[in-house]
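Student: Can you keep this structure in mind? I'll have questions shortly.
What follows draws every value from the coordinates through simple rules; no lab data is involved. Owing to the predicted nature of the structure, the values given are computational and were not obtained by experimental measurement. Backbone-built Cβ (ideal geometry, glycine too); neighbour counts: all protein chains shown.
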C-alpha cells in the first residue's frame, strides 16, 4: 500500500483471502467493532490449481479466458478494487455507475461484479432476467450495509408509525419517508420502494432528501449516519433535528418528543474506512503541505467534512483530481486503492491519503485474481458460480425505489 509512507493498517491484509474467508468477522483491516451477521455468505474453498498459481499465471488465465468469452461476459470493477483486478474490467466506477453499466449492456449473458454483495444485488435487479450476475468471492460483503437488517428496519418503522401516526398532515405530507443509501441490502431498498421511499447515492443525496421533504414531514435515513448528517447540514437542518436511531434501544434511544421534532432520523451505521479520517489528519496535512487542498468523501464524520475544502462522491473526487492544475497538492479522505490510482494517473500532482495508517476496504480486497480466474474459467466450462439472485418480489419493490433515484438528478 502507498500513501504517506506508512504500510497497511493490518499485516493480515497481505494474506491470501482464501486463508481468512471462512474465519469469523470481516477479516484483516476491518474494524473489530463491526459485527458480521451470522448468516453472512461465506466463500467455499478454491480449487488448489488457483491457490497454488503465481500472480503471473493467474493474470495469463484471466486474459485468455476473457478473450475466449468475448462479449458474452462483462467484468465490472469498483473504484476501490486492487489494480490487478481493475486492469481487466470492462467498466470501472462506483456502485451506481456499475449497476447502470449492467442495465445498459443487454447483449451480455453474464456480469462478473468485482465489488461487494449489495452492489451485485443492485446489478441483478437492474439487469435482464436472463443475465447472470456473479460475485467472484461470496465473502466480499459490506459492514455498513450489514449494520441495518430488514428485521431491524421493519421494527424501527413500526415504532415510528406508532409514535408519529400513519396519516398525512393537512398539507398531504406523510409522517416519515424512508430513504436508503445504495450501500444497503436489496431487502431494505425494497422496503423503501414499498413504503413510498427512495434510494440515494452520495452524488444525489441532497436531491433525494429534497424529493423526500416534498412528500413527508421528516425522513428516516439508512444506514450511513454520516452521509445523512452531512447532506442534511448542507440543507440547513440543525443537529438537534437529527436524532440517532440505535436499533437495539426502544425508540432508537430517543424520546417521542425528539422524534416528533426531528427532520432527519439517522440510522446508527457508518463506513469503517471513512470513519478513520479525522480533523487532526487534516490539520497535519495543512501544516506539512501549505496550500494543500483537502477533499473527502461525505461518508466521513461531519467535523472532517466541515474542515475539508471540498466533499463529494467518489466520482466528485476523481473529477477534482482530473481537473487540478499541475503542481497542485491534494490530500484525499477516501479508500486507498482509489487514492493510489488517482495519484498514478496525475504524476504532475502530489496526491496522498489523509490517513497515515493506510486501510483499504478489507471486504472489497477479497476479490483476488485467483477468484476472478476461477470465475471466468468456470463460465468457459458452462457453469455459473456464485450467482447473486434477488427474488422477484424484492426486486420489484427495489426497482421502484431505484427508478425514483434515477429520476432524482442533481
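Student: Kindly state, to the nearest 0.05, the FRET efficiency for residue 261 paired with residue 350, given R0 = 41 Å and r defined as their beta-carbon distance. Numbers along the way, then the final one.
Tutor: Numbers: r = 46 Å, r/R0 = 1.13.
Given R0 = 41 Å and the Cβ-Cβ separation, E is 0.35.
Student: Using the 2.2 N^0.38 Å rule of thumb for compact globular proteins, work out how region 274-353 stacks up: its C-alpha Rg over that value, please.
Tutor: Rounded to two decimals, the normalised Rg is 0.97.
Student: What is the extension gain from residue 84 to residue 284, computed as 0.36 nm multiplied by their sequence separation minus the C-alpha to C-alpha distance, in nm to one decimal?
Tutor: Residue separation times 0.36 nm, minus the Cα-Cα distance, leaves 68.8 nm.
Student: What's the percent breakdown of Cα-Cα distances in region 234-281 across 5 Å bins, shortest bin first?
Tutor: With a bin width of 5 Å, the distribution comes to 5, 19, 21, 18, 18, 12, 5, 1.
Student: What distance in nm lies between label points placed 7 Å from Cα along the C-beta direction at residue 383 and residue 40?
Tutor: Here the answer is 2.6 nm between the modelled labels.
Student: Under the classification rounded if a/c is under 1.5, otherwise prolate if a/b is larger than b/c and oblate if not, where does region 272-316 fall, given a ≥ b ≥ c as square roots of the Cα gyration tensor eigenvalues?
Tutor: Oblate, because a/c is 1.5 or more while a/b does not exceed b/c.
Student: Regarding the chain, what is the average projected area of its C-alpha convex hull, in nm²? Mind dumping the intermediate values first?
Tutor: Numbers: hull surface 79.5 nm².
Mean orientational projected area (the chain, Cα hull): 19.9 nm².
Student: For residue 234 and residue 323 in the same chain, what is the full-extension length gain: residue separation times 0.36 nm, less their Cα-Cα distance, in nm?
Tutor: On the way: separation 89, 0.36 × 89 = 32.04 nm, distance 2.40 nm.
That pair, residue 234 and residue 323, stretches by 29.6 nm at full extension.
Student: Same structure, new question: Multiply the residue separation of residue 303 and residue 393 by 0.36 nm, subtract the distance between their alpha-carbon atoms, and state the gained length in nm to one decimal.
Tutor: 28.4 nm
Student: Treat each spin label as a single point 7 Å out from the Cα along the C-beta direction, and report the residue 72 to residue 22 distance in nm.
Tutor: 3.1
Student: Tell me the volume per residue, in Å³, of the convex hull enclosing the alpha carbons of region 169-264.
Tutor: 100
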